[in-house]
Structures are given as C-alpha cells and as structure tokens.
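Shown next, in structure tokens, is the structure this report addresses.
Read-outs throughout are calculated quantities, based only on the coordinates presented, and are distinct from any laboratory measurement. These numbers were taken from a predicted model, which means no experiment stands behind them. Note: ideal-geometry Cβ built from the backbone for every residue, glycine included; neighbour counts use all protein chains shown.
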Amino acid sequence: MKYRYAEMIWNEVKEAADQDRIAVLPVATYEDHGPHLPVDTDVVLCTEICQRAVAKIPLEAVLIPPVLHGYSPHHMDFHGTITISWDTFIRYVKDVCCSLAYHGFKRILVVNGHGSNTSPLDLAARLTNIEYEGKILCASVNHWDLRQAKEAGKTIRDSSYGGTSHAGEYETSLYLALKPELVDMSKAVDERSPLPPSFKTDLLAGTHSEGSSARLIPYWSSQTASGVMGDATKASKEKGEKFLGAAIEGLIELIRELGATEILPRRNQHCS
Ligand SMILES: [Zn+2]
C-alpha cells in the first residue's frame, strides 16, 4: 500500500481520500541550530517522525509532501535562516490543507517541527475548518507536544528545565539518532534563556513550575550568543532513539484519535 502522496497516481489519491485516510502534513523551517547542528534540523526531525509514523499505518494515513519553509524572522541575525512572512505562510499552509480537503480528505493533521510555526499553523488549521464550513477536521500539533514524547521527556532527559529548548538535549539527541555524521558534539554548548520563569521555554516540559505560561519572543540574538537555548551537551544517540520511538508512537496515537473524531454538524441558530 502506497503511503506517500507524492508517489500516488491521481486515482490513487482519490482512493486514499475515499478510504478516509488521515492526511499528515509535516511543516518545518530552515534556521540556525547552534554551532553543532545543521540548519535543516527542524526539517529532518519533523519529516522523519512523520514518515516513520505513517509508514507503520499505511492503511490509515497518507504522508503529504512537507512544507519546508516557515516563520523565523527573529532568527535572521544568524546566517542560514530562511523566513516566510507570517501572512504568506498562514495562507500557503491553509491553501495546501484546502487543496487536500477539496480532493476529499476529511481529516488533516499538520505536524510542526519549529516552535515559532505554532501560532501560524494553529490559525492555518482553523481557517481550513472555517473555509470548509465544519465539514472537515484540520488539526495541528508540535512533535514535542505528542503525549508519548512528553512522557519520554520525564524519564529520559538529564537536563533541568530549559534544557530541551532550541537545539538543546531533545533536538540534538534526535538528530544524533537520525544523521550522527552531521552533528559536531565537540561544539555542543549549554546556553540558557536569560528571561524570568514565566517567559522561559522548554519543549518537553512546557511551563516552568515557578511561572505562568506567558509568551515573549524577543530577537534570538539578544538571548543567546551561540544560537542554542538549552543543554546540547547532555544529548546522545541512545536518548535520541528513545525520543524518536516515543514521538512516532505518539503521532500514531494522535492520527488514530483524529480518525475516530466524529465530524459533528453545525447547528447554526440563524437557520432554524
Ligand atoms: Zn529546532
């Protein structure tokens, strides 16, 4: 059974939609990831997690070609970053999702690999639901927010809060599990956010226990000299393999959960 959308003949795409398979769309970005990781880190992590998850359940899902560029204007002080204007990005992803909906896919899951894509992708998914007047379900998720990834974080990580943010223990471990030859661990650093607890971030842990869940995203170069926000020195290939397995498991669970979600009709009170 083919699971890669790109390799399907057009009538196979129709069949996949008729079978109510879930369309899984990876979205990432190219940007600096410290002195030890390539600029394609978010792309590699996100596309690999999606590809491996969908490959395990080809009867239930379809892997849509990824959206590789994302929203990273606050990273432009570091060479390598490519950023798309927020409104162009939202419309672009929404157009991809609406194209899938037009071809009959009723459930679409946007899987994100870059922190600052979170808000725009939430909107792109919601706008798709509105455009299709509630007749389809389009959801979005960050791969580090998948239930099993978060669970794995509690037991596998060695860094304290803040250690699994940008290019830190989580992302570096995952890259080591996927393409170790491209990681230079001799340059890995532990650099943390200078912000107070309510504004600190940690991909796996979410909110700091001493703070509120507020959002403040200053220019990246004002917060870190290396580009790292986290503890890359604690990363290992072994941890990466465990994180990867957990994320794949979490994504499969979420795909199935979306598949089991009923599309309930609108009850517009103006029409009664
Ligand atoms: Zn990243």
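Remarks
- Residue selected from the stretch 244-270 under the condition in a helix (DSSP H, G or I) and charged (D, E, K, R), by the criterion surrounded by the most Cβ atoms within 10 Å (Cβ to Cβ): E249
- Scope the stretch 169-182; condition within 19 Å of G245 (Cβ to Cβ) and in contact (Cβ under 8 Å) with a residue 60 or more places away in the chain; matching residues: E169, Y170, E171, T172, S173, L174, Y175, L176, A177, L178, K179
- The set of residues from the stretch 79-96 being closer than 14 Å to D42 by Cβ and surrounded by fewer than 18 Cβ atoms within 10 Å (Cβ to Cβ) comprises G80, I82.
- Of the criteria (1) within 13 Å of the ligand (Cβ to nearest atom); (2) touching a Lys or Arg at 6+ places or on another chain (Cβ under 7 Å); (3) within 20 Å of Y219 (Cβ to Cβ), which one G162 fails: (1)
- Condition met for H74 (within 16 Å of the ligand (Cβ to nearest atom), farther than 30 Å from D20 by Cβ and out of contact with any Asp or Glu (no Cβ under 8 Å at 6 or more places or on another chain)): yes
- Qualifying residue in the stretch 18-29 (condition: free of Cβ contacts under 8 Å to residues at least 40 places away in the same chain and surrounded by fewer than 15 Cβ atoms within 10 Å (Cβ to Cβ)): no
- All of Y132, Y170 fail the test of being of a type outside the set (A, V, I, L, M, F, W, C) and within 16 Å of the ligand (Cβ to nearest atom), apart from Y170.
- No other residue among I84, I22, I49 is more than 14 Å from the ligand (Cβ to nearest atom), farther than 18 Å from V228 by Cα and touching a His at 6+ places or on another chain (Cβ under 6 Å) apart from I84.
- Residue match in the stretch 179-195 (condition: within 30 Å of V24 (Cα to Cα), among the hydrophobic types (A, V, I, L, M, F, W, C) and surrounded by 21 or more Cβ atoms within 10 Å (Cβ to Cβ)): yes
- Filter pass, Y170 being touching a strand residue (DSSP E or B) at 6+ places or on another chain (Cβ under 9 Å), within 19 Å of N117 (Cα to Cα) and crowded, with 20+ Cβ neighbours inside 10 Å: yes
- Counting the residues of the stretch 214-272 that are within 18 Å of the chain's Cα centre (by Cα), under 23 Å from Y175 (Cβ atoms) and of a type in the set (D, E) gives 2.
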